[in-house]
Amino acid sequence: KKGKLLKTFKGHTATVWCLAVRGDALWTGGADKLVISWDVKSGKQAQSFATHKKPVFCIALSAAGVAFSGSEDKAIVKHTEHAVAYKGHTKTVLALEFEGNM
């Protein structure tokens with residue numbers, strides 16, 4: 001059987017490399033350097049963050065629903081009202097994972 005397309009999320013201008021889902025929260029990141037949060041019900045962008053200088057390769061959501069992204073720019077960014085960048089990696093950040101609350 002083939003599945004039925006339910007929604008198309010439009011907003012990125014280049015390849016989407018990663019996504020994270022927790023409940024009704026959907027976040028994506030991609031080659032256009034953007035991190036986008038989506039309203040799952042409407043399929044529309046809730047917020048767009050242009051915080052990375054190079055493509056975004058990973059996104060993880062904390063238990064509290066806070067999104068963190070990793071990029072070819074060697075930074076991890078915490079996406080809140082005021083984005084916070086964590087720098088110090090010497091190579092591309094390719095994966096993120098949470099354990100516990102943050």
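Within the stretch 15-30, the only residue that satisfies the criterion of being in a loop (DSSP other than H, G, I, E, B) and either among the hydroxyl-bearing types (Ser, Thr, Tyr) or touching a Phe, Trp or Tyr at 6+ places or on another chain (Cβ under 8 Å) (or both) is THR15. Put simply, of THR28, THR92 the only residue that is open to solvent by 10 Å² or more (accessible area, probe 1.4 Å) and more than 23 Å from LEU6 (Cα to Cα) is THR92.
Mind listing whichever residues of the stretch 55-81 are over 18 Å from VAL21 (Cα atoms) and at pLDDT below 95? Matches in the stretch 55-81: GLU81 only. Go through HIS12, HIS52 for me and flag whichever is at pLDDT 95 or above, open to solvent by less than 30 Å² (accessible area, probe 1.4 Å) and either among the hydrophobic types (A, V, I, L, M, F, W, C) or in a loop (DSSP other than H, G, I, E, B) (or both). Only one candidate qualifies: HIS52. Candidates LYS2, LYS33: the one that is part of a loop (DSSP other than H, G, I, E, B) and either surrounded by fewer than 16 Cβ atoms within 10 Å (Cβ to Cβ) or among the aromatic types (Phe, Trp, Tyr) (or both) is LYS2. The single residue among ASP24, ASP32 that is modelled with pLDDT under 90, more than 16 Å from VAL84 (Cα to Cα) and acidic (Asp, Glu) turns out to be ASP24.
Report yes if TRP27 is within 19 Å of ALA95 (Cβ to Cβ) and not charged (D, E, K, R), otherwise no. So TRP27 fits the description; yes.
Contact map, the stretch 77-93: residues that are at positive phi paired with residues that are open to solvent by 60 Å² or more (accessible area, probe 1.4 Å), Cβ distance under 9 Å, separation 6+ or inter-chain. Pairs shown: GLY88/LYS74.
The values are calculated or read from the model by the stated rules, or taken from the named source; none is laboratory data. If you're wondering where the values come from, they're calculated on a predicted model, not measured in any experiment. All Cβ positions, even for glycine, are placed from backbone atoms using ideal geometry, and neighbour counts span all protein chains on display. Calculation scope for accessible area: heavy atoms of the full protein, side chains included, ligands and nucleic acids excluded. Shrake-Rupley method; radii C 1.70, N 1.55, O 1.52, S 1.80 Å.
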